[in-house]
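Below is one structure; the comments refer to it alone.
Derivation of every value follows stated rules applied to the coordinates shown; laboratory data play no part. Because the structure is a prediction, the values reported are computed rather than measured. Methodologically, a virtual Cβ is constructed for each residue, glycine included, from the backbone with ideal geometry; neighbour enumeration extends over all protein chains shown.
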Amino acid sequence: MVSEKAGQYQVDTPLPKEMDSITAARRIVRRALAECGYRGHHEDVLLVVSELVTNALVHGDGPPCLRLRGSAVRVRVEVSDDGERLPEPREPGPSNGWGLHVVRLLSIGWGITPADGDKGGKVVWCELAPRLAPLQARAFDG
């Protein structure tokens with residue numbers, strides 16, 4: 001489900017429990033970011049979406065669900081699954097993957113909350129915002 005409201009954008013969509021869901025989620029989010037005019041790096045959001053959906057598919061239970069809330073200045077990504085096991089940050093690298101390390105680096109905040117409803121599960125979420133560019137030093141001619 002997709003809806004727009006006063007410069008904001010939201011997506012709520014279940015994803016199949018298959019690896020092709022990563023590509024589908026990226027496509028959905030790419031469109032949402034363009035339509036809401038998000039001013040940050042779209043590729044950062046897409047990478048975080050890839051990592052969260054991958055983690056839900058590989059380590060979670062049941063099909064994941066993608067939720068995105070966005071505006072021009074802030075995006076919240078949530079991926080839920082039915083699993084009770086919480087993600088564990090590991091030392092990033094080729095053998096352990098980069099997942100939550102990448103999420104931590106690119107987001108302004110992230111966490112894990114219980115899923116709504118009676119069936120249990122969890123929601124792994126993060127928020128991103130455009131980075132401020134450093135001010136350029138100017139020479140003073142005086």
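Can you give me the pair-distance distribution of the stretch 2-128, C-alpha pairs, 5 Å bins, whole percents?
With 5 Å bins starting at 0, P(r) equals 2, 12, 23, 24, 21, 12, 5, 1, 0.
Spin-label point model (7 Å from Cα, Cβ direction): what's the THR13 to THR113 distance in nm?
2.2 nm
Please tell me the relative contact order of the stretch 2-128 in percent, rounded to the nearest whole number, where contacts are Cα pairs under 8 Å and at least six residues apart.
Result for the stretch 2-128 is 24 percent.
Let me make sure I get this right: for the stretch 14-82, a, b and c are the square roots of the gyration tensor eigenvalues over alpha carbons, sorted descending. Under 1.5 in a/c it's rounded, otherwise prolate if a/b > b/c, else oblate. Which is it?
Because a/c hits 1.5 or more and a/b exceeds b/c, the stretch 14-82 counts as prolate.
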